[in-house]
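What follows is one structure encoded as structure tokens, with my remarks underneath.
The values are calculated or read from the model by the stated rules, or taken from the named source; none is laboratory data. For clarity, every value in this text was computed on a predicted model and none was experimentally measured. Neighbour counts are summed over all protein chains in view; Cβ atoms, including those assigned to glycine, are modelled from backbone coordinates with ideal geometry.
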């Protein structure tokens, strides 16, 4: 599969109080969605997906945020052009921004998949330790990315989107400086339970000596999983895949 990883992405993590979620969804549909649709019509963006967390996969002590807005910029649209274009877009209503950043897709680890939606998404916010970036990039580009891409091809996963942070625009002081965001679309949360067994043969097809345990076993020494959650795609606020 030939995957286009040229487009820059923009990500915003934001928090809305639990008792205001319905108000937020209604206000955003009226106040901000039309502006994003206009940007899509003008080619400034190709897609914008809003995810809402419904469960934490692991416990952490980070400030709460339930929403991630992930926007794929249009072809040949750079960060400056995008930033200028969204100056007139109203901020998300009732929301407090935890972090905003520009991202680039990871080579050989970006598979939108044939379908635009999945039942559930695993969202991972990852911090690669200093001195291990090259090692981690090699693992993603040569082993994990192609192997999970094969899971997308055979229908086990709906999509696998991995990103490296290019530039942090805004961040709450309590938010760790993660270096990557991963999005894995699945049929259900139980698919994550069988992920190691499903992935192992695809890893060994790349190199018989490196199955799941050999590839993922060293990860605690290479990176920290700052937050991992399950999320749904908020269809009324999403544009494109």
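Assorted remarks:
- Residue selected from the range 217-241 under the condition free of Cβ contacts under 8 Å to residues at least 60 places away in the same chain and touching a helix residue (DSSP H, G or I) at 6+ places or on another chain (Cβ under 9 Å), by the criterion farthest from residue 31 (Cα to Cα): 218
- Filter result for residue 80 (out of contact with any strand residue (DSSP E or B) (no Cβ under 7 Å at 6 or more places or on another chain) and modelled with pLDDT of 95 or more): yes
- Matching residues, the range 186-207, being out of contact with any strand residue (DSSP E or B) (no Cβ under 8 Å at 6 or more places or on another chain), in contact (Cβ under 8 Å) with a residue 60 or more places away in the chain and part of a loop (DSSP other than H, G, I, E, B): 207
- When residue 146 is tested against (1) modelled with pLDDT under 95; (2) touching a helix residue (DSSP H, G or I) at 6+ places or on another chain (Cβ under 8 Å), just one condition goes unmet, and that condition is (1).
- So residue 182, is it out of contact with any helix residue (DSSP H, G or I) (no Cβ under 6 Å at 6 or more places or on another chain), surrounded by fewer than 18 Cβ atoms within 10 Å (Cβ to Cβ), at pLDDT 95 or above and closer than 22 Å to residue 50 by Cα: no
- A count restricted to the range 149-178 and to residues that are touching a strand residue (DSSP E or B) at 6+ places or on another chain (Cβ under 9 Å), more than 18 Å from residue 53 (Cβ to Cβ) and surrounded by fewer than 19 Cβ atoms within 10 Å (Cβ to Cβ) stands at 9.
- Of all positions in the range 97-107, at least one carries a residue that is in contact with a helix residue (DSSP H, G or I) (Cβ under 7 Å, 6 or more places away or on another chain), surrounded by 20 or more Cβ atoms within 10 Å (Cβ to Cβ) and more than 21 Å from residue 35 (Cα to Cα).
- Check on residue 127, in a strand (DSSP E or B), more than 30 Å from residue 32 (Cα to Cα), at pLDDT 95 or above and in contact with a strand residue (DSSP E or B) (Cβ under 7 Å, 6 or more places away or on another chain): yes
- Those residues of the range 108-128 which are surrounded by fewer than 18 Cβ atoms within 10 Å (Cβ to Cβ) and under 24 Å from residue 27 (Cβ atoms), in sequence order: 117
- Some residue of the range 97-108 being in a strand (DSSP E or B) and more than 16 Å from the chain's Cα centre (by Cα): yes
- In the set (1) closer than 29 Å to residue 139 by Cα; (2) surrounded by 20 or more Cβ atoms within 10 Å (Cβ to Cβ); (3) out of contact with any helix residue (DSSP H, G or I) (no Cβ under 7 Å at 6 or more places or on another chain), the condition left unmet by residue 36 is number (1).
- Selection count where residues are out of contact with any helix residue (DSSP H, G or I) (no Cβ under 8 Å at 6 or more places or on another chain) and surrounded by fewer than 18 Cβ atoms within 10 Å (Cβ to Cβ), scope the range 54-79: 14
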